[in-house]
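Working notes, beginning with the structure itself.
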Amino acid sequence: MTTGHDARGAQSGIIAFPLSGRTNLIRRCAVELEAVHGEAAVTYWRTACRNLADDLVTLGCDENDIHHQVMDFQTEVQLEMMRRYSERLEAGADADPEEGHRART
């Protein structure tokens, strides 16, 4: 196996960047989390993170890489949710994605 350095400077095997090709997953999770609430949101979020971790195991990532990739995924989903919220505010729309109408004054 070829050895290289990852972004953290640690020596490791072949490096996979699974999040780089998962923009649709990030966006889909952000949309879904805007639509569900309470226990359903928690369950959805845990399942999405667990599925990503399982995919990374299949790719041969070690536990440390999996931890960092899942944390990066969580951050990217949060950033996508903030971006979507900001776009709705800039458009003058109600910030609640379930309402989808302009704010009343």
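The values are calculated or read from the model by the stated rules, or taken from the named source; none is laboratory data. Please read these numbers as outputs of a predicted model, since none were measured by experiment. Cβ: placed from backbone, ideal geometry, glycine included. Neighbour counts: every protein chain shown. What goes into the accessible areas is simple: the full protein's heavy atoms, side chains included, and nothing from ligands, DNA or RNA. Shrake-Rupley method; radii C 1.70, N 1.55, O 1.52, S 1.80 Å.
Summary of computed values
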| read-out | value |
| --- | --- |
| Given (1) farther than 15 Å from Gln78 by Cβ; (2) under 11 Å from the mean Cα position of the chain (by Cα); (3) open to solvent by less than 70 Å² (accessible area, probe 1.4 Å), index of the condition Asp65 fails | (2) |
| Residue pairs meeting the criteria (Cβ under 6 Å; at least 6 apart or on separate chains; first part of a helix (DSSP H, G or I), in segment 31-49; second of a type in the set (Gly, Ala, Ser)) | Leu33/Ala41 |
